[in-house]
There are 2 protein chains.
Amino acid sequence: MLSKPSTGSFVIMVTFAICICVSVAVSLYFILANNDNESPEQPNIIIMYGDDTGYADFQTYGHPTQEWNGVDRMSQEGIKFTQWSTPSALCSPSRAALSTGRYPIRTGVFGRKRVFQTSSSGGLPHREVTIAEALKDVGYITGMVGKWHLGINKNSSTDGYYLPHNHGFDYVGTILPHTQNAICNPEKYNVRQMRNCFIYRNDTIVQQPTDLTTLTKNLVVDAKHFINTNKNNPFFFFFSFPQTHTALFASPEFLGKSKRGQYGDMVNEMGSSINEIMDQLIDLKIEKRTLVIFLSDNGPKFDGCGDGGSPGVFRGGKTTTWEGGIRVPAVAWWPGTIKPGVVSNAVVSSLDIFPTVLKIAGSNYIKRRNLTIDGQVNDEVIKGLKSKSYDETLFFYYNGVLTSARHQQYKINFYKFRSIVDIMEELDETIRCDYTSSIVKDAVFDIENKVSKQDTPLIYDIEKDPQESSPLDSESKEYKRVIKLVDKRVQAHNASILAVESEIDKPYTNDAPCCNPPLCTCNYNEE
Amino acid sequence: MLSKPSTGSFVIMVTFAICICVSVAVSLYFILANNDNESPEQPNIIIMYGDDTGYADFQTYGHPTQEWNGVDRMSQEGIKFTQWSTPSALCSPSRAALSTGRYPIRTGVFGRKRVFQTSSSGGLPHREVTIAEALKDVGYITGMVGKWHLGINKNSSTDGYYLPHNHGFDYVGTILPHTQNAICNPEKYNVRQMRNCFIYRNDTIVQQPTDLTTLTKNLVVDAKHFINTNKNNPFFFFFSFPQTHTALFASPEFLGKSKRGQYGDMVNEMGSSINEIMDQLIDLKIEKRTLVIFLSDNGPKFDGCGDGGSPGVFRGGKTTTWEGGIRVPAVAWWPGTIKPGVVSNAVVSSLDIFPTVLKIAGSNYIKRRNLTIDGQVNDEVIKGLKSKSYDETLFFYYNGVLTSARHQQYKINFYKFRSIVDIMEELDETIRCDYTSSIVKDAVFDIENKVSKQDTPLIYDIEKDPQESSPLDSESKEYKRVIKLVDKRVQAHNASILAVESEIDKPYTNDAPCCNPPLCTCNYNEE
């Protein structure tokens, strides 16, 4: 028999009931709230890509006056890599390597002319599988904005044969099929030179020359549009920044704000865009199922003219395979999967992104299609679960020549690059900083002037000596052991290369793109 | 009339009573716990001082492979400075500047012989007021361990005239009156050379040569003893590390552990000692009334022999007044007063520590004694409350010659220093890395070989161009405005200097200290 509950018991029971209701409600809220935001089998993947952004261009990588921005935030809330390299110190080859996971020497994106020009008839060959194509294969919606630089046209100045929509991108927003650089600054250069400065939407020129004051904002609008539209799909998005290069431009709200000058303004605008995208992912509650990676294509242009970025502690810069040219800032952000504030010394290459991302997306494409991929699967390293990656040897190329290698902690330089600052100082002061001068280009890029083969390769322990200032004694056991092993690896690597035509050295048979010949000036963005 | 409370009301009342009791207890606990740990008028002050530790020798300052340690922790929990400089790139002058707040040219701690040697008859003059003396004046107990390098003896090889106990330190534990360096490594050098390697306790030699495997541990034991003994006083403690220099030593538990090699081991052992001190302050519950500052005396020895530290993005290193020689890592930690994770770009000098610390300690000594102090009061900057410090011009000296200046964002180089790496490369490979070779010393330190006066001084905006790679055009308005102003400041500065004798160039009339002539080997630490 149940006795009638006393008033005391009643109060306690009511209190309990309220507690239980609240607990259930709170639990349900979190379960429901997290339901569409847990880490699924196929997370979204966003690659953010800086252009010639130096290792030390961010506060988190040691720049003394650069302001804190989105890249620092990614590092604080995610993982920062300190030994991430790219196989080439030039834009087109680096971008081909990222897109395919293969050395540029295999894809044809190498050559004496260094990078694709606007009138080139070459580009990333269609026989190559891009990361976008491989991800589409497992159901991803793919999109991009920003710099491409893997070819534009093949047979005419309008066929768009090499544009991103022909390389696996479902959505192509505002893009720079070529690049953004110093000559696109209307304060310094004339309209004729501006013909190389144009933006497309998908396969159509919409602005020529480029309006530098609205460029970044337009990219962000497109990126946010794509992400918002595809928030329920697994998507792949490639945000390829026009920053930082040596363009020296920024939207009005960033211009003149950085302690570091105009270069700093550009870094901050790029960082701010990254911040906006992170905020959007959080607002859409999809941040836990989105992996974001930021990295630079290669090292900074560092030439004594004061316009370029900072290689930090490293020697050399863009175009050289000293660490200054090939070591890049790289951070990854994936709330709930990557712990905040991790610093990883793992040896990672941009080549690894292709196979790593495919594994994360659950694709067996590489095996199924029997692709020859140079990158390694590094998903545990990206997630910060493993600090050492692999025992492979990495190779670094300049214009199709194997100039350096990395094996474990060792950097092996088969060639030595002259300091760009020294080369520049030999030039007449009045033309030194004129980026259109062929004298400057010849001096800086002439391979004979610039590199010298080392009969006895220089070997550095770059974990001890990141400056590459103190080579190992070539008579030491350590040297002999390393060179013997690396020589074998180089031979095996060389033997694996099937000769392909250089795409970069293909003739410049096309006119540069032009929206309304012969003027080549237009702005359809305003209409 | 009061009705008898119902059982329900009773339960509620009891619950309330319990709640109130718990609240009061918790509040009391916190009030009592914080009572002896609030920020008082006279906080303890600890200066931690690295020896030739480079700007980029820590993860937080951008080193790619250095492990996270106590300095990174201080930065994470406190404030990190990115534009902190020292007026000289050599040990004795830098240390004199820190101790007195005055340019070495005023104190006599400058000279063609660069730094004090063990047989020198000079030292920091007693007419100078040290930070320890000034803090004693307002009731602080003062103590130190570690490297001194401001003179040992004057009239004999045993008078200890210039030792720290004669410069205001109540407690002097294990000290290196001279320095720790590469020649103290018994694996490389012989016993005769070891005569310059000795440690004292207060005014007595206790070990000759130095036992490198126990050195750091002994310093930490002494430091912790001093702090523990004086936990209820306001105290000033100077922990002057023998690290990092180019000594390449470490205690067994650190040796061989760093990815960065032996230099990294040293950095980690120093960082670990800092960590221990921070933990001790927390354990003693005095961290909220203790300001800890870590900084380096000057830039790293960076010579192509691979033993030295990293200047990061900066040009040059120790001995030069390029930023690599004078820009130092500097972090401050004061829980409850300094917010965690602040990065400050304020322009700060090691000269500022003297007047700043005196202000924080509530001293009017400078005014009362009418001292000529070059440093500025920067307490709000140290606390992270103000980002810009002052509009003064900073001067940088090499061997008594004013070689550079800093004004706002500008660095003005009246002299240009040759690259030490270049100088070293001209030397025969077999002797290049022998620190005892007079050929090496002459080549590296010979002022004519090393510096060249610039008829048109080089001016860099070092907030934009920290590498000092792109000087301002000397015909520009900006250049002319800056040089005009700085020339005036230099004149005023020069006019304010009263000629004093060089202490460093005083004759080497003493024998080097010796514990038991003629052997000069002993180890009283073991007895």
How many residues does the range A:78-133 contain that are farther than 22 Å from residue A:496 by Cβ and of a type in the set (Val, Ile, Thr)?
4
Test: residue B:385 is in a helix (DSSP H, G or I) and either within 27 Å of residue B:75 (Cβ to Cβ) or not assigned by TED's automatic domain parsing to the domain that holds residue B:334 (or both):
no
Among (1) among the acidic types (Asp, Glu); (2) more than 23 Å from residue B:491 (Cβ to Cβ); (3) surrounded by fewer than 24 Cβ atoms within 10 Å (Cβ to Cβ); (4) within 22 Å of the chain's Cα centre (by Cα), the one test that residue B:374 misses
(2)
Of the criteria (1) out of contact with any Lys or Arg (no Cβ under 8 Å at 6 or more places or on another chain); (2) surrounded by 12 or more Cβ atoms within 10 Å (Cβ to Cβ); (3) not in a loop (DSSP other than H, G, I, E, B), which one residue A:414 fails:
(1)
For the range B:456-468, what are the residues that are among the charged types (D, E, K, R) and in a strand (DSSP E or B)?
B:461
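Against the definition (over 21 Å from residue A:295 (Cβ atoms) and either touching a strand residue (DSSP E or B) at 6+ places or on another chain (Cβ under 8 Å) or in contact (Cβ under 8 Å) with a residue 24 or more places away in the chain (or both)), how does residue A:248 come out, yes or no?
Details: over 21 Å from residue A:295 (Cβ atoms): yes; either touching a strand residue (DSSP E or B) at 6+ places or on another chain (Cβ under 8 Å) or in contact (Cβ under 8 Å) with a residue 24 or more places away in the chain (or both): yes.
Yes: the conditions hold for residue A:248.
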Out of A:448, A:392, A:426, I need the residue that is charged (D, E, K, R) and either within 12 Å of another protein chain (Cβ to nearest Cβ) or under 24 Å from the mean Cα position of the chain (by Cα) (or both). Which one?
A:392
Residue B:65 assigned to a helix (DSSP H, G or I) and either within 12 Å of chain A (Cβ to nearest Cβ) or among the aliphatic types (A, V, I, L, M) (or both)
no
Would you point out which residue out of A:524, A:508 is within 28 Å of the chain's Cα centre (by Cα) and of a type in the set (Ser, Thr, Tyr)?
A:508
Has the range B:339-355 got at least one residue that is surrounded by 24 or more Cβ atoms within 10 Å (Cβ to Cβ), β-branched (Val, Ile, Thr) and within 19 Å of residue A:260 (Cα to Cα)?
yes
State whether the residues of the range B:142-150 include one that is in contact with a Leu (Cβ under 6 Å, 6 or more places away or on another chain) and among the hydrophobic types (A, V, I, L, M, F, W, C).
yes
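Quick grid of which residues meet (1) over 20 Å from the mean Cα position of the chain (by Cα); (2) farther than 19 Å from residue B:53 by Cα:
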residue: B:146; (1), (2): no, no
residue: B:154; (1), (2): yes, yes
residue: B:157; (1), (2): yes, yes
residue: B:173; (1), (2): no, yes
residue: B:180; (1), (2): no, no
Return the residue satisfying two criteria in turn: it lies in the range B:251-274 and is touching a residue at least 12 places away in the same chain (Cβ under 8 Å) and hydrophobic (A, V, I, L, M, F, W, C), and of such residues it is farthest from residue B:185 (Cα to Cα).
B:274
What residue, among those in the range B:462-486 that are surrounded by 13 or more Cβ atoms within 10 Å (Cβ to Cβ) and under 11 Å from residue B:407 (Cβ atoms), is nearest to the other protein chains (Cβ to nearest Cβ)?
B:462
Which pairs turn up if I take residues in the range B:127-148 that are under 24 Å from residue B:179 (Cβ atoms) and look for partners that are acidic (Asp, Glu) and in a strand (DSSP E or B) with beta carbon separation below 6 Å, at least 6 apart in sequence or on another chain?
B:147/B:51
Residue check, residue B:106 farther than 21 Å from residue B:246 by Cα, at pLDDT below 95 and more than 14 Å from chain A (Cβ to nearest Cβ):
no
Qualifying residues in the range A:395-422 (those that are under 14 Å from residue A:87 (Cα atoms) and among the small types (Gly, Ala, Ser)) - the one farthest from the other protein chains (Cβ to nearest Cβ):
A:400
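Tell me yes or no: at least one residue of the range A:447-455 is basic (Lys, Arg), under 20 Å from residue A:415 (Cα atoms), modelled with pLDDT of 90 or more and in a strand (DSSP E or B). Talk me through it step by step, then tell me what you get.
Going through the range A:447-455, the residues basic (Lys, Arg) turn out to be A:450, A:453.
Retained after the next criterion (residues that are under 20 Å from residue A:415 (Cα atoms)): A:450, A:453.
Still in the running and modelled with pLDDT of 90 or more: A:453.
Adding the requirement that they be in a strand (DSSP E or B) leaves A:453.
Yes, because at least one residue in the range A:447-455 is basic (Lys, Arg), under 20 Å from residue A:415 (Cα atoms), modelled with pLDDT of 90 or more and in a strand (DSSP E or B).
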Is one or more of the residues making up the range A:197-204 hydroxyl-bearing (Ser, Thr, Tyr), surrounded by 22 or more Cβ atoms within 10 Å (Cβ to Cβ) and not in a strand (DSSP E or B)?
no
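Picking from B:391, B:422, which residue would you name as being loosely packed, with under 13 Cβ neighbours inside 10 Å and assigned to a helix (DSSP H, G or I)? It would help to see each step written out before you state the result.
Numbers: B:391 fails: assigned to a helix (DSSP H, G or I).
Criteria check complete, one pass: B:422.
The values are calculated or read from the model by the stated rules, or taken from the named source; none is laboratory data. What you see is a predicted model; the values in this text were computed from it and never measured. Heads up, the Cβs are rebuilt from the backbone with ideal geometry, glycines too, and the neighbour counts pull from every protein chain shown.
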